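One structure below.
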Amino acid sequence: MRKPRDFDADLKVLDDKARELKTRKVRQLGELVVATVADTLTAEELAGALLVLAEKREAGKREAWAKRGAALFQSRARRNAPATDRNPDSAPSQPGRAQPSTGSKGAA
């Protein structure tokens, strides 16, 4: 005879997975807001701007927005790439820090 399936346990696993996906989505949206410097807007301004964007039906504008968004993600991916994947001749850019001079090592 087969072992009866525990539907309650299966539902709990699915519920936990759904909760985790929702949490990840919210976190990623927050990261997107920060990455685009939209965190300087008020919640009302941001919501209004998103509503206007969602109402747009012009394919050309939407394609242009998609290209700009893809470029943002690609540039972030390059900045976050491991040091071995980066150009060894270029200095890493860090906001708020002075870039080291290329003249001599160790001189501050």
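Quick grid of which residues meet (1) exposed (fewer than 10 other Cβ atoms within 10 Å of the Cβ); (2) of a type in the set (Gly, Ala, Ser); (3) in contact with a His (Cβ under 7 Å, 6 or more places away or on another chain); (4) modelled with pLDDT under 90:
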site	(1), (2), (3), (4)
ALA18	no, yes, no, no
ALA38	no, yes, no, no
GLU45	no, no, no, no
LYS56	no, no, no, yes
SER93	yes, yes, no, yes
SER104	yes, yes, no, yes
Enumeration of residues in the stretch 41-60 that are in contact (Cβ under 8 Å) with a residue 12 or more places away in the chain and out of contact with any helix residue (DSSP H, G or I) (no Cβ under 7 Å at 6 or more places or on another chain): LEU53
Can you find a residue in the stretch 77-86 that is part of a loop (DSSP other than H, G, I, E, B) and at pLDDT below 50? yes
Under 8 Å between Cβ atoms, at least 6 apart or on separate chains: pull out the pairs that start in the stretch 17-40 with a residue that is under 20 Å from PHE73 (Cα atoms) and end on any residue that is outside any helix (DSSP H, G or I). none
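The values are calculated or read from the model by the stated rules, or taken from the named source; none is laboratory data. Because the structure is a prediction, the values reported are computed rather than measured. For neighbour counting, all protein chains shown are included, and Cβ atoms are generated from backbone atoms with ideal geometry for every residue, glycine included.
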